[in-house]
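Everything on this sheet refers to the single structure shown next.
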Amino acid sequence: DQQVKQNSPSLSVQEGRISILNCDYTNSMFDYFLWYKKYPAEGPTFLISISSIKDKNEDGRFTVFLNKSAKHLSLHIVPSQPGDSAVYFCAASDQGGGADGLTFGKGTHLIIQP
Amino acid sequence: DTEVTQTPKHLVMGMTNKKSLKCEQHMGHRAMYWYKQKAKKPPELMFVYSYEKLSINESVPSRFSPECPNSSLLNLHLHALQPEDSALYLCASSQSTGAGGEKLFFGSGTQLSVL
């Protein structure tokens, strides 16, 4: 049972345009969400996070939107750059206390075309 | 220092070998994690150490044995592995062990091949 879903295995976007990556979750206990970027044979790198008390968080070119009622979040990257080409993982956790680790989606491979 | 350092980067071992993966962080984080990632799959949680005590074992086979010698170090001892255990093994750490979101910092991983 997949609790965090990224339904697009890949996404191709032209350089300079907006990239929108989507993520859905089923576990209503999740209240903290993160996006990680990963290159092959490397560990995931933290990009941006959002708590369920917010519906938007922005950091430079990256913005994460959270729709709690739809159990949906999205990552917007604008403008997209060639170095953004990577696999993006959505992750979620329950802030209730303790270190429980993160539950990851399957990832979306973002390809930025020149 | 925001790094999680893993050694070795690559490891090839036979099914009868005993080897260890090592992980180190100097961020003062009190939670450390082992994840396993196979190609085109998400990272899967294996173990969590909180304040140097094993707090989560996600039903991992006993051929994987974690150890946390101190708050900065995390080891994963491997014995009698199977070819299907070949994967990228990721170590991570986080500061938060109480209420509040966990932001995990990952190492670059050990790419393990079992022959």
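Evaluate the following for A:Ala41: is it among the small types (Gly, Ala, Ser), touching a Lys or Arg at 6+ places or on another chain (Cβ under 9 Å) and either within 17 Å of B:Ser94 (Cα to Cα) or without any contact (Cβ under 8 Å) to a residue 40 or more places away in the chain (or both)? So A:Ala41 fits the description; yes. The residues in the range A:3-16 that are in a loop (DSSP other than H, G, I, E, B) and either small (Gly, Ala, Ser) or loosely packed, with under 13 Cβ neighbours inside 10 Å (or both) can be counted, and the count is 4. Looking at the structure I just gave you, is A:Asn22 within 11 Å of the chain's Cα centre (by Cα) and either part of a strand (DSSP E or B) or within 14 Å of chain B (Cβ to nearest Cβ) (or both)? So A:Asn22 passes the test. For the range A:71-81, residues that are more than 14 Å from the chain's Cα centre (by Cα) and β-branched (Val, Ile, Thr) total 1.
Restricting to the range A:93-114, give me the number of residues that are within 25 Å of B:Gly101 (Cα to Cα), polar (S, T, N, Q) and at pLDDT 95 or above.
Total satisfying the criteria: 1.
Among all residues of the range A:66-77, there is at least one that is within 17 Å of A:Leu102 (Cβ to Cβ), surrounded by 15 or more Cβ atoms within 10 Å (Cβ to Cβ) and more than 14 Å from chain B (Cβ to nearest Cβ). Every residue in the range B:49-83 that is within 17 Å of B:Thr5 (Cα to Cα) and not in a loop (DSSP other than H, G, I, E, B), please. Once the filter is applied, which keeps residues that are within 17 Å of B:Thr5 (Cα to Cα) and not in a loop (DSSP other than H, G, I, E, B), the range B:49-83 yields B:Tyr49, B:Pro66, B:Glu67, B:Cys68, B:Pro69, B:Asn70, B:Leu73, B:Leu74, B:Asn75, B:Leu76, B:His77.
Scanning the range A:80-114 for residues that are facing chain B (nearest Cβ under 10 Å), among the small types (Gly, Ala, Ser), touching a residue at least 12 places away in the same chain (Cβ under 8 Å) and out of contact with any Phe, Trp or Tyr (no Cβ under 8 Å at 6 or more places or on another chain) turns up just one, A:Gly96. Under the condition of being among the small types (Gly, Ala, Ser), more than 10 Å from the chain's Cα centre (by Cα) and assigned to a strand (DSSP E or B), the residues counted in the range A:25-70 number 1. May I ask you to list the residues in the range B:36-54 that are in contact with a Gly (Cβ under 8 Å, 6 or more places away or on another chain) and in contact (Cβ under 8 Å) with a residue 12 or more places away in the chain? Matches in the range B:36-54: B:Gln37, B:Leu45, B:Val48, B:Ser50.
The values are calculated or read from the model by the stated rules, or taken from the named source; none is laboratory data. Fair warning: this is a prediction, and the values are worked out from it, not measured in the lab. Cβ coordinates were reconstructed from backbone atoms using ideal geometry, including for glycine residues, and neighbour counts include every protein chain displayed.
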